[in-house]
Amino acid sequence: MTLIFDLFRIPIILIRKIRVVCTILMMLSFNLVFSQKENNNSSPNFIVILVDDQGWSGTSVQMKKGDVSSMSDYHHTPNLEKLAAKGMRFSQAYSTSPVCAPSRYSLQFGKSAARLNMIRVQMNTDHIDHTTKITIPKILKKVNPKYVTAHFGKWGMGISNSKMGFNFGVHPSVLGYDYSDGKTTNGDGGFQPPEWKFSTSEDPKKIYSLTQRSITFIEQQSKSKNPFYLQLSHYAVHSNIQATKRSLEKYEKKEKGKIHKNAYFAALTEDLDDSVGILLNKLQELGIANNTYVIYCSDNGAVPTLPPRRKYKTSYNYPLSRGKWDATEGGIRIPFIVSGPRIKPNSFSDIPISLTDILPTIADLSGYNLRGQMKTIDGGSIKKVLFNSGNGKVKRQDNGFYFHVPYRNYIAFGRPHSSIILDIYKLIKFHDNDELNLFDLSNDIGEQNNLAEKFPLIAKKLDHKMENYFKKHKTVKWGKGIDWKFKSIEEINSFY
């Protein structure tokens, strides 16, 4: 009997023990999950550092793996090198325009400049819905109402002169920003005639005061334990060119490069880099670096020469062709570095991306589902690329990149043009005579070999795709004498 009883007791004891073990495991799992939520905040911080007019090869960060020409031969940016060492750099990142205002719109709304019909500086923007719910600040506040958002530095968005009198700028608060410097423009950053004046300053282009204001904001949110989004839009390295004396002295003594030779411009670039280091150090000091994504990029490429002129042999954006004002690689390919949680250190990606991808990427990283609204934007999330060592695909509604410059700019080409990038090919179309230029970017980023006659079907296909995109979004169309400044697009009435 005893033996039989003991045989029945064994499973009962085991069951009890299993129950105890399961209870302990459940408690441990709960504590682990709770601890992870506490230590790895599900609402990460985001910092976008947007630089003005910095070229793809304008820093000492090598933007393309194995290509030393993708970095400056004169400028030194050690803090950007540190940021790149911690994160991922993209070799084929694009603005959406070769000038500033359209690209800034694209970043905020996730749409191409052509789709927004915002194609140049000093253009009337009454036709744009600035109150849309799809902006970076508004999306983040939907994810977590505790998000606090700020924009410091150059805003440069919005001109209206048809409804309530002439007005420069749409206030950042309209897009959902809690804190800002207001409707700032180039003039707030030291831009004034003569444009290409070179001088020294202890706070060149307000680099350090902007950085300090940003740090104060970060400290306040860290203390209050609020997740935050900060866009720091520097006035540098746009003209007028200013630099600290200490940096200028360094570059006056340093041997000049074959491409980059201007000591003032190099000094300004390093002053800007110095401020990036100050900001990154503050994140470490506050203990929030591991929960903060930092995106560094430019609004367009650098000017082709210092000071700009129409004819030149080698662009300041070498090995890319030309520069700001033209939809060539020198005008639209930009430096782009991302660091943050789960991003492989010192990684590279050759996946083509755009400033339109910033909004959906931040939405994705914060946990917001844009699925039902993807048709309203052009960008796609690069989250999977960031978390997969730079590999993968970016899902977008349209797999092309479109750039629209339908007016004459006599500093640059002097001809109205548009371009499309699809896979390895890029087409540039000149509207004054329908001339087509086709380039294979996989081996000709300098756009030196026009393949339009060799591959006419590819050129025609890209031209057709670009024209259809413009027709779909009723994009403004070039016409003789139209410069698209100030008047509303309805008054001008020239569309695809």
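Each value in this text was obtained by applying a stated rule to the coordinates, not by laboratory testing. All of these numbers come straight from a predicted model, not from anything done at the bench. Note that each Cβ is placed from the backbone with ideal geometry, even for glycine, and that neighbours are counted across all protein chains shown.
Can you classify the range 82-144 as rounded, prolate or oblate using the Cα gyration tensor, where a ≥ b ≥ c are the square roots of its eigenvalues, rounded means a/c under 1.5, and otherwise it's prolate if a/b beats b/c and oblate if not? Oblate is the answer for the range 82-144, as a/c is 1.5 or above yet b/c matches or exceeds a/b. Extension gain for LYS375 to ASN346 (0.36 nm times residue separation, less C-alpha to C-alpha distance): 7.1 nm.
Per-residue ellipticity at 222 nm from helix content only, as computed over the chain with -39500 (n - 2.57) for each DSSP H run of at least four residues, stands at -10000 deg cm²/dmol. Counting other Cβ atoms within 10 Å of each Cβ, which trypsin sites (Lys or Arg not before Pro) in the range 433-474 have at most 16 and sit in a DSSP loop? For trypsin sites (Lys or Arg not before Pro) across the range 433-474 that sit outside H, G, I, E and B with at most 16 neighbouring Cβ atoms in 10 Å, the list reads LYS454, LYS474. Shape call for the range 332-412 from the C-alpha gyration tensor, a ≥ b ≥ c root eigenvalues: rounded (a/c under 1.5), prolate (a/b greater than b/c) or oblate? Cα axes put the range 332-412 in the oblate bin. Taking packing as the residue-averaged number of other Cβ atoms within 10 angstrom, the listed peptides 340-347, 351-358 run from highest to lowest as 351-358, 340-347. Greater than 31 Å separation of Cα atoms is the criterion. Which listed pairs, LYS261/LYS393; LYS225/LYS383; LYS64/LYS254, meet it? The pairs that break the limit, which is 31 Å between Cα atoms, are LYS261/LYS393.
What FRET efficiency comes out for ASN493 versus LYS471 if R0 is 22 angstrom and r is the Cβ-Cβ distance? Round to the nearest 0.05.
With R0 = 22 Å, the Cβ-Cβ based efficiency is 0.90.
The distance linking the range 455-494 with the range 192-232 is 37 Å (Cα centroid to Cα centroid, whole angstrom). For the pair PHE168 and LYS313, label points projected 7 Å from Cα toward Cβ lie 4.0 nm apart.
Per residue, the average separation of C-alpha pairs within less than 8 Å and at least 6 apart gives the chain a relative contact order of 22 percent. Taken about its Cα centre, the range 400-462 carries a charge dipole of roughly 160 debye when the Cβ of each Lys and Arg holds +1 and the Cβ of each Asp and Glu holds -1.
Placing R0 at 51 angstrom, the Cβ-Cβ distance between THR131 and LYS258 gives a FRET efficiency of 0.55 after rounding to 0.05.
All C-alpha pair distances within the chain, sorted into 10 Å bins from zero, spread as 4, 19, 30, 25, 12, 4, 3, 2, 2, 1, 0 percent across the bins.
For GLN448 and THR216, the FRET efficiency from 1/(1 + (r/R0)^6), where r spans their Cβ atoms and R0 equals 56 Å, is about 0.70. Under a 5 Å amide H cut-off, with hydrogens placed 1.01 Å from N, SER180 pairs with HIS151 among residues at least 5 apart or on other chains.
Which of rounded, prolate or oblate describes the range 118-269 when judged by the alpha-carbon gyration tensor and an a/c cut-off of 1.5?
Details: a/c = 2.69, a/b = 1.44, b/c = 1.87.
Judged from the Cα gyration tensor, the range 118-269 comes out oblate (a/c at least 1.5, b/c at or above a/b).
Relative to the longest principal axis of the C-alpha atoms of the chain, give the angle of the C-alpha long axis of helix 2-39, reported between 0 and 90° and rounded to the nearest 10°. On a 0 to 90 degree scale, this one is about 30.
Between the Cα long axis of helix 263-286 and the first principal axis of the chain there is an angle of about 20°, rounded to the nearest 10. For the range 123-273, relative contact order (Cα pairs under 8 Å, six or more residues apart, normalised by length) works out to 24 percent. Rounded to the nearest 10 degrees, the inclination of helix 456-472 to the longest alpha-carbon principal axis of the chain is 80 degrees.
Mean separation of Cα pairs under 8 Å and 6+ residues apart, divided by the residue count of the range 283-373: what relative contact order is that in percent? Intermediate results must be reported in sequence, preceding the final value.
Working: 101 pairs, mean separation 23.6, N = 91.
Over the range 283-373, the number comes to 26 percent.
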